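Only the coordinates and a few stated rules stand behind these numbers; no lab work does. Bear in mind the structure is a predicted one, so any value in this text is a computation, not a measurement.
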Amino acid sequence: CCGAKKLQEYTSTGSLVRQISVGNNFYHAIELHDGTLAVSHSGEVHGVSIMSADCHFLRTNGFHLSWPHCLAADSQGFLLVGDVNNHRILVVNPAMSDTRPLPLPLNSTGTIRLPFGLWYEESRGRLYGAEDGFGRVLVFDNVFNVGAVF
C-alpha cells in the first residue's frame, strides 16, 4: 500500500465511524497496545504522531524524516519507523523525545534501500522488513542482525 490521504475508522459491519484528513498528506497507522494509534504522515508535513482512540493528536515528533512510510511497535510503546528517503529504520521512544537509527548492515553501502514495510514479532524477537530498493524481505533477530533474506 502506498498510503492514504485519509485515516478512516469503520465498524465491524463496514459503517464509517470517523475520518481524519489534515492537508495534503499520506498516512499509515497502526494501533498500539494501549489503544492509541501511531500515525506516520508524509506530504506537506513529514513526521510521526500518536493519536488517541478518539483521533486527537497527543504527541508529534520533531525529528527530520523524509517520507516515513511504515510503522511497527513493541508492547512498551517503542516505534520502528521506515524513513524511506533517508534509507533507514528509526527507533522512537514512547515519549517521542528521542530517536536513533537501527544499526543495519544490509548491503555494501551499509544502508537499507527504501524501507516500505515493517512488522515486529515480539514473541520471537524478530523484525521483518520489506525493502523496495532491492526488492527483498529481511528478517532481523532480537539485536537486529540479519538472519535471513528473501
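If the segment from residue 134 to residue 56 were pulled out straight at 0.36 nm per residue, it would be longer than the present Cα-Cα gap by 24.4 nm.
Full extension of the segment from residue 30 to residue 8, taken as 0.36 nm per residue of separation minus the current Cα-Cα distance, would add 6.7 nm. With 0.36 nm allotted per residue and the present C-alpha distance subtracted, the residue 100-residue 126 stretch has 7.5 nm of extension available.
For the range 41-88, the extents of the C-alpha atoms along the principal axes are 30, 25, 15 Å, listed from largest to smallest.
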